[in-house]
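Values quoted throughout were computed directly from the atomic coordinates according to the rules given, and no laboratory measurement underlies them. Because the structure is predicted, anything quoted here is derived from the model rather than measured. Heads up, the Cβs are rebuilt from the backbone with ideal geometry, glycines too, and the neighbour counts pull from every protein chain shown.
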């Protein structure tokens, strides 16, 4: 019993703030995101409108996700999680899907993203061991990402996926730093929760196992790792098949349909979609465009989508940021924690940029990978901690990027509110 109690306390300390500084970070983001989400929930119906199942803004599927967890082929176990989210929100709202219901959904998202900020801050402070001022600058920079802002009030799979991936990456980094293996129970839990919300993220759960000490030098350790991986996959597959009553043939047909639907869009050149949507849209808002939508049941409504960048400054911002990320990777090439982050990022690059799945709306998938940016920036600062001139250059560069990001995203959010005022009061 004491063992379980110790493990539970350790888990709570990892997930929640465990120092006054971490608590301050949590309260700051909870307050900022909370004010935004509260205002939107109380004054507009866009967070949840029973008539609008999908695509009200940036292709998020708020109503469909809250009611069903999303399509089973992409979000196999999300149904169970969002049942809890929906029932809890209905409990708070007295069974009504009104402003209080929207407010509860927004605050659940707000709490999740604020806890995500705490996880990234913990990583910067405890794993990379950066000075406090640099850690705070990076976390504020991350907090201004378009993905962070939008998901802070959006009830979606991506919201909770971002939190779970951040928690798991920090947990795995702690284990690898101590040269410990990831327990089978933790691996299975991560596989079921992270893979259950979005199936393509399941592979990311196994990446840290590849970097366990002497994994490929000992048959015993390799066999133990293989057993943990097989156990995780078996548990996940069983729960997945149970969810669909073991009608596994539906998985393949639905998956093919989804791939065809989201991979054959020729709206703009691929390189522009990569920069403007995949790498850029999840961080720096471009301009928006409104579209005519309908719910297939006779109700017409307006949707909001992102346009490709129209300013050379936006392209320059993304290229500079990607340059810093590449610089960090090259400088820290021998660091297994950096390799772990990059491989995780490559999974999304392959899916969206190479396979082109959802590339035309890849900004919505930011919850799967945006956390890699602050972590890799942190490792870049760490690499030059004893070189003041380069450190000063990096600080000045990040401050300039921060100011531009702040100005751009605040301006674009004013456009978002104009859209809400016009169509969703």
Practice task
Using Cα pairs closer than 8 Å and at least 6 residues apart in sequence, work out the relative contact order for the chain, in percent.
Solution key: 20 percent
Problem - Tail weight of P(r) past 17 Å, computed on alpha-carbon pairs of segment 60-194, percent - result: 64 percent
Practice task
With just the Cα atoms of segment 115-225, tell me how far they stretch along each of the three principal axes, in Å, largest first.
Solution key: 46, 34, 17
Problem - Rounded to 5, percent antiparallel among DSSP beta bridges of the chain - result: 90 percent
Practice task
Counting helices only, and only those DSSP H runs with n ≥ 4, report the 222 nm mean residue ellipticity of the chain as the sum of -39,500 (n - 2.57) divided by its residues, in deg cm²/dmol to the nearest 500.
Solution key: -21000 deg cm²/dmol
Completion exercise
Least to most buried among 338, 205, by other C-beta atoms within 10 Å and fewest first, runs 338, 205
Completion exercise
The Cα extents of segment 1-147 along the principal axes, largest first and rounded to whole Å, are 49, 41, 32
Exercise for the section: Show me 146-156, 60-70 ranked by packing, highest mean number of other Cβ atoms within 10 Å first. Expected result: 146-156, 60-70
Completion exercise
One quarter of the C-alpha convex hull surface, i.e. the mean projected area of the chain in nm², amounts to 21.9 nm²
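Counting other C-beta atoms within 10 Å, which of 93, 386 has the fewest, and how do the rest follow?
386, 93
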Fill in the blank from the handout: Cα pairs beyond 18 Å in segment 358-425, in percent, come to 63 percent
Exercise for the section: Figure the gain on full extension for residue 35 and residue 333 (residue separation times 0.36 nm, minus the Cα-Cα span) and round it to one decimal in nm. Expected result: 103.2 nm
Fill in the blank from the handout: Ranked output for segments 178-184, 280-286 by mean other Cβ atoms within 10 Å, highest leading, reads 280-286, 178-184
Handout entry: Cα gyration tensor shape for segment 300-413, rounded if a/c is under 1.5, else prolate or oblate
Key = oblate
Practice task
Would you mind ranking 237, 403, 347 so that the residue whose beta carbon has the fewest other beta carbons within 10 Å leads the list?
Solution key: 403, 237, 347
Handout entry: FRET efficiency, residue 177 to residue 310 (Cβ-Cβ, R0 30 Å, nearest 0.05)
Key = 0.10
